[in-house]
């Protein structure tokens, strides 16, 4: 009987540990990641430029890559314009001065003059440089 009670208590504790809300630092990173999508949609280039590390690399779901200059230039030129981003789930993990965001979302916009709508799973890596979190890498995969 004691083993059963102990098992139930341990299972309950482990379930509660997994269901904990994000820490303040994790929530800050999640909010920053969401703001980045808003900045892309609203063409807030100063905010984007401040967030993107000079060596950032975006890897899109079709294999296309962009550096910082290309991300900004392609948005300004209309080559890639996000019109709507709906985040369905996201999670942040902090490791010292590195944060990893994984998420799932619906992305819609115009790419190379053609409308697109795609469900993506993505990973973003942020590094704290001085007192600022900088986006250093982003990778996305299409969901079937």
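Some points to look at:
- Checking 88, 69, 128 one by one, the residue that is over 21 Å from residue 24 (Cβ atoms) and part of a strand (DSSP E or B) is 88 and no other.
- Residues satisfying the stated conditions in the stretch 27-66, i.e. in a loop (DSSP other than H, G, I, E, B) and over 16 Å from the mean Cα position of the chain (by Cα): 43, 44, 62, 63, 64
- Of residues in the stretch 87-111 being over 13 Å from residue 122 (Cα atoms) and exposed (fewer than 12 other Cβ atoms within 10 Å of the Cβ), the one farthest from the chain's Cα centre (by Cα): 96
So that you can scan it fast, the table gives a plain yes or no per residue for (1) touching a strand residue (DSSP E or B) at 6+ places or on another chain (Cβ under 8 Å); (2) modelled with pLDDT of 95 or more; (3) surrounded by 11 or more Cβ atoms within 10 Å (Cβ to Cβ):
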position	(1), (2), (3)
10	no, no, no
15	no, no, no
26	yes, yes, yes
34	yes, yes, yes
37	yes, yes, yes
41	yes, yes, yes
46	no, yes, no
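- Take the conditions (1) within 22 Å of residue 29 (Cβ to Cβ); (2) touching a helix residue (DSSP H, G or I) at 6+ places or on another chain (Cβ under 8 Å); (3) part of a strand (DSSP E or B); residue 81 misses just one of them, which is (1).
The values are calculated or read from the model by the stated rules, or taken from the named source; none is laboratory data. This structure is a prediction, so every number in the text was calculated from the model and none was measured. Here the Cβ is made from the backbone with ideal geometry for all residues, glycine too, and neighbour counts use every protein chain on show.
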